[in-house]
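Worksheet: the structure to be examined is printed underneath.
The values are calculated or read from the model by the stated rules, or taken from the named source; none is laboratory data. Everything quoted here is computed from the prediction, not taken from an experiment. Reconstructed Cβ throughout: ideal geometry from the backbone, glycine too, with neighbour counts over all protein chains shown. Each accessible area value is taken on the protein alone, full model and side chains, heavy atoms only, with ligands, DNA and RNA left out. Shrake-Rupley method; radii C 1.70, N 1.55, O 1.52, S 1.80 Å.
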Amino acid sequence: MIKQMYRAIRQVFDRTLRPYLPPKQIRLGGVEAYRGSVLDRTLTDTPEYEQAARNELLNHVHDGDHVRIVGAGSGVTAVVAAQNGADSVTVIEVAERSVQCARKTANLNDFGDKISVKHGYVGEVQNPRMGAWGPQISPEQCRDCDVLEMDCEGAEMDILTSFD
């Protein structure tokens, strides 16, 4: 009973109040980032955040590369790519709140000029209840890069099969 009440209150909070709260600044994987909201007490500094993705970017991104990230969340891996010498990083993110956080994270780390954040989704809509999708982006538009990172819950095969 208490869990059901908590879930109901949380849903009302997430739909009505959360969109108007400023995101919380936090350190994730060694990168200053924005995530959640100022009322979220559960967010703590997390050094292991996206560790596998960060390690792969460190191994594969070289000076002058163009990196494309589909599903960037708060933008931590975009900053890691820029720190590692990428000339430009293009981010595609479906969640409007994450778009805002990724832009703030890029600017906070002085990479606002290298990191471009686009609101949209690649491929077909997997869960129409998530809302605020932005424009649809064709999988072919994800090919123009030297390094591709995907965390997009469903569009990976569409993107990979679009490559020659």
### Message
Residues that are at pLDDT below 85, at least 1 per element: which strands (runs of 3 or more DSSP E) completely within the stretch 1-111 meet that?
### Response
24-28, 31-35
### Query
Does at least one position in the stretch 116-127 carry a residue that is among the polar types (S, T, N, Q), more than 19 Å from VAL31 (Cα to Cα) and open to solvent by less than 30 Å² (accessible area, probe 1.4 Å)?
no
### Message
Contact list please: Cβ distance under 6 Å, first residue in the stretch 74-89 and among the polar types (S, T, N, Q), second residue surrounded by fewer than 18 Cβ atoms within 10 Å (Cβ to Cβ), pairs at least six apart or on different chains.
### Response
ASN84/LEU58; SER88/HIS66
### Task
Could you list all residues from the stretch 120-155 that are charged (D, E, K, R) and modelled with pLDDT of 85 or more?
GLU140, ARG143, ASP144, ASP146, GLU149, ASP151
### Task
Six or more apart or on different chains, Cβ under 9 Å: which pairs go from a residue in the stretch 133-156 that's farther than 23 Å from ASP63 by Cα and of a type in the set (D, E, K, R) to one that's open to solvent by 30 Å² or more (accessible area, probe 1.4 Å) and assigned to a strand (DSSP E or B)? Could you list them?
GLU156/MET150
